[in-house]
Amino acid sequence: QVQLVESGGGLVQPGGSLRLSCAASESIFNIYGIAWYRQTPGKEREWVGTITRSGTINYSGVMEGRITISRDDGANAVFLQMNNLKPEDTAVYYCNAAMGGQSFWGQGTQVTVSS
């Protein structure tokens, strides 16, 4: 079982940036992939992007090239850099780990984009 803790959310003005962190209790190399999702009230959780154990990164396109996923292997952490944020990016952002055929979620971090 892997535990995930997201951080870095908050209130930001439109056009601003935030960097979210996802700290894993396991070595990233034991985890097949870590993904970022987001969810707004009344909507399904949507996939934002994934970084695999091998370092392959895929983005869903929901944030139109305004994001970068990276990782710090030594810190067992994955990051989501978000730029040029828009009000419609307001959501709870979650990280998800796929390991051993199971899926694990963090508690989420709230991102609010508002002037």
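Some points to look at:
- Nonpolar atom fraction for the chain, defined as the carbon and sulfur part of the 1.4 Å probe accessible area, stands at 47 percent.
- Contact order for the chain, expressed relative to its length and based on alpha carbon pairs under 8 Å spaced 6+ residues apart, stands at 38 percent.
- Cα Rg, Dmax, the chain, angstrom units: 13.3, 43
- Between the stretch 1-27 and the stretch 61-115, the alpha-carbon center distance in angstrom: 6 Å
- At full extension, Asn84 and Ser17 could sit 23.5 nm farther apart than now, given 0.36 nm per residue minus the alpha carbon distance.
- Net charge of neighbours whose Cβ lies under 15 Å from the Cβ of Asn76, counting Lys and Arg as +1 and Asp and Glu as -1: -2
The values are calculated or read from the model by the stated rules, or taken from the named source; none is laboratory data. No experiment lies behind these values; they were computed from the predicted model shown. Counting neighbours? That spans all protein chains shown, and the Cβs are built from the backbone with ideal geometry, glycine included. Each accessible area value is taken on the protein alone, full model and side chains, heavy atoms only, with ligands, DNA and RNA left out. Shrake-Rupley method; radii C 1.70, N 1.55, O 1.52, S 1.80 Å.
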